[in-house]
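The values are calculated or read from the model by the stated rules, or taken from the named source; none is laboratory data. Keep in mind the model is a prediction, meaning the values are calculated, not measured. Note that each Cβ is placed from the backbone with ideal geometry, even for glycine, and that neighbours are counted across all protein chains shown. Side chains are part of the model used for accessible areas, which takes the heavy atoms of the whole protein and leaves out ligands, DNA and RNA. Shrake-Rupley method; radii C 1.70, N 1.55, O 1.52, S 1.80 Å.
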Amino acid sequence: MSKQSSRRAYTGRVIDVDIDTVQFPNGSTGELEMVRHPGASAVVPFLTDPYAGDPQILLIKQYRYAAEDFIYEIPAGKLDAGEDPAECARRELREETGCTAEKIEHLCTFYTTPGFTDERIHAFMATGLTRGTVAHEKDEFLSLETVTLSRALELIKTGELKDAKTALAILFVAGFRLER
């Protein structure tokens with residue numbers, strides 16, 4: 001599929017929307033609405049040794065207008081222009097939880113909804129945390145919750161944890177990083 005032209009329909013604080021004219025694999029052409037996003041980083045913060053017993057992780061419970069509810073999430077945020085994804089993960093961890101990490105390790109990178117957006121999230125795990133002061137943005141309404149990894153997995157299983165980036169990052173770290 002190749003883009004033949006593009007026009008900006010909307011420019012916002014977090015996203016832009018383009019109308020792209022594309023040539024499809026069969027040679028026909030059509031228009032696609034594309035949400036453009038600079039990408040983001042998300043981080044699973046381990047409060048205790050991830051390889052010992054049932055480690056503790058730090059979740060945030062944040063009000064999300066689109067969900068019309070408070071939902072469990074891991075710290076995450078939009079990449080600044082030219083920002084390294086690992087640095088973004090460190091920044092978001094510090095701003096949302098007040099914690100700094102001794103070590104940040106990349107887990108995976110994924111598209112959030114490739115049917116209409118180019119947004120990619122870079123997921124990390126953080127260890128060796130030191131607590132500090134939070135720096136929430138004016139539109140962030142959240143609380144911090146300490147849970148065991150097994151409790152986080154149960155929240156995913158029961159559907160109580162509904163945030164896709166959080167579920168994927170926790171499942172990834174549990175299934176591929178902490179295998180015993």
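Quick look at the values:
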item: Dimensionless Rg over Rh [the stretch 35-143; C-alpha; Kirkwood]; result: 0.97
item: Residue-count net charge about LEU107 - beta-carbon cut-off 12 Å; Lys, Arg +1, Asp, Glu -1; result: +1
item: Nearest-ten-degree value, helix 149-158 long axis tilted from longest Cα axis of the chain; result: 50
item: Counting all C-alpha pairs of the stretch 16-59, share separated by more than 14 Å (%); result: 69
item: Ranked packing of 29-35, 55-61, 135-141, most packed first, by mean Cβ within 10 Å; result: 55-61, 29-35, 135-141
item: Percentage relative contact order, the stretch 61-113, counting C-alpha pairs under 8 Å, at least six apart; result: 22
item: Accessible area expressed per residue, the chain, with surrounding protein chains retained (probe 1.4 Å, Å²); result: 55
item: Charge dipole of the stretch 1-123 about the Cα centre (unit charges at C-beta), most positive-ward option of VAL14, LEU59, PHE110; result: VAL14
item: The stretch 117-163: mean projected area of Cα convex hull, nm²; result: 5.5
item: Relative contact order (%) - criterion: Cα under 8 Å, at least six apart; region: the chain; result: 23
item: Proximal lysines to LYS165, defined as alpha-carbon separation beneath 18 angstrom and excluding residues fewer than eight positions away on the same chain; result: LYS61, LYS78, LYS157
item: Carbon + sulfur, % of accessible area of the stretch 25-147 - ligands and nucleic acids excluded, 1.4 Å; result: 49
